[in-house]
Each structure stands twice: as structure tokens, then as C-alpha cells.
Amino acid sequence: MMQDTIRLTVNGRCHDVAVAHDTSLLYVLRNDLALNGPKYGCGLGECGACAVLIDGVAARSCVIPVGGCIARDIVTLEGLGSREQPDAVQQAFIDEQAAQCGYCLNGMIMTAKALLTRNPHPSETEVLEALRYNLCRCGTHVEIVRAVLRAGQTSSAGS
Ligand code: FES
């Protein structure tokens, strides 16, 4: 398959990658840019584990061709905060111990981030609605919802 050089902006940095246009964004993030926050779950756009922000909107990177991401602003989990300085959403998940195996957390956090950016103080119903299509097989939903509500109490969570 023919490869092109594609310029991507990820976490505020420019990257040139030599890949086919129809390669999934998830593969490029993980394999070419070593950004392993986004996870491969279903590969079908159904579980949410691979979520990233594209122009501030939560998107499922496993079904997005990288060729469609040129000149878009992509943010991965790594772009939110660091181990030393987690952002407010990440900190809320830590405070609520909202993880068991942790595989879904990338998607939960990125989807919550997008929600809190457009709605900084969501109700429980709004949180449930936003996370409705993000799957967690451990059953950590109660703690996850609590974490997003906690993040919503921190006024800078969506910034
Ligand atoms: Fe992308 Fe499941 S891996 S939605």
C-alpha cells in the first residue's frame, strides 16, 4: 500500500509520519508516536477504549483513518497531565479509585474531559448519558461516575 508523509498535531506537537492514509489513527498514535494511552479494545468503534480528543470532541481513534486527521488538533491521554501533575479529571479518578483493570480508563477519562469542556458541572444523568457507550467489564461504573462528578466540582476540570 502506498505511503505518504502525513503531518499530525498531537498534544500540541507536530509529527510527520509515513503511513497509508487509511491507517487507523489508533495504530499511528501507538505504533509510530509511542502514545499508548489510547487502547485497542474492539477495533470497531464500539467500546470507547481508544478515545482521543479531536478538536475537543471525543472520537474513537480505531475507526478514524489518519488521513482525515490532517490539520486537526489531536489530544491523547498523555496530553492531559503527567504522573507528577495529573489534570483535574485524572486526579478525580485517582481520588475516587475509579479503576480495576484500568483498560477502559483512557476512554472514560477522554470522554469525561470532552463532557466537562462543554458542560463544566454536569448532573449525574448527564454523566451517565455521556459515558453510556464506554464499556467497562469490571463493573467500576459507580466509582467512574463519582469521579466525573468530582471533577465537575473542580471549576478548572474542563480547561
Ligand atoms: Fe476503538 Fe473499541 S477500540 S471503540
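Values in this text are rule-based calculations from the coordinates and carry no lab data. If you're wondering where the values come from, they're calculated on a predicted model, not measured in any experiment. We place every Cβ from the backbone using ideal geometry, glycine too, and count neighbours over all the protein chains shown.
Pick out the one residue from V127, V63, V89 that is among the hydrophobic types (A, V, I, L, M, F, W, C) and within 16 Å of the ligand (Cβ to nearest atom).
Unique residue meeting the criteria: V63.
In this structure, does L29 turn out to be within 16 Å of the ligand (Cβ to nearest atom), of a type in the set (A, V, I, L, M) and surrounded by 15 or more Cβ atoms within 10 Å (Cβ to Cβ)?
For L29, the condition - within 16 Å of the ligand (Cβ to nearest atom), of a type in the set (A, V, I, L, M) and surrounded by 15 or more Cβ atoms within 10 Å (Cβ to Cβ) - is met.
Under 7 Å between Cβ atoms, at least 6 apart or on separate chains: pull out the pairs that start in region 133-145 with a residue that is closer than 16 Å to T111 by Cβ and end on any residue that is β-branched (V, I, T).
That search, which allows pairs on different chains as well, returns N134/T111; C136/I144; V145/V127.
Whether any residue in region 86-96 is among the charged types (D, E, K, R) and under 20 Å from K39 (Cα atoms) is what I want to check.
Checked region 86-96: at least one residue is among the charged types (D, E, K, R) and under 20 Å from K39 (Cα atoms).
Select, from D16, D55, the only residue that is loosely packed, with under 15 Cβ neighbours inside 10 Å, acidic (D, E) and more than 19 Å from A112 (Cα to Cα).
On the way: D55 fails: more than 19 Å from A112 (Cα to Cα).
When all the criteria are applied, what remains is D16.
So, in region 32-43, how many residues would count as being surrounded by fewer than 19 Cβ atoms within 10 Å (Cβ to Cβ) and either basic (K, R) or within 14 Å of the ligand (Cβ to nearest atom) (or both)?
4
Test I109 against the criterion of being more than 19 Å from T140 (Cα to Cα) and among the β-branched types (V, I, T), and give yes or no.
No.
Which pairs turn up if I take residues in region 50-61 that are within 11 Å of N106 (Cβ to Cβ) and look for partners that are within 7 Å of the ligand (Cβ to nearest atom) and among the hydroxyl-bearing types (S, T, Y) with beta carbon separation below 8 Å, at least 6 apart in sequence or on another chain?
Qualifying pairs under 8 Å: C50/Y40; C50/S61; A51/S61; V52/S61.
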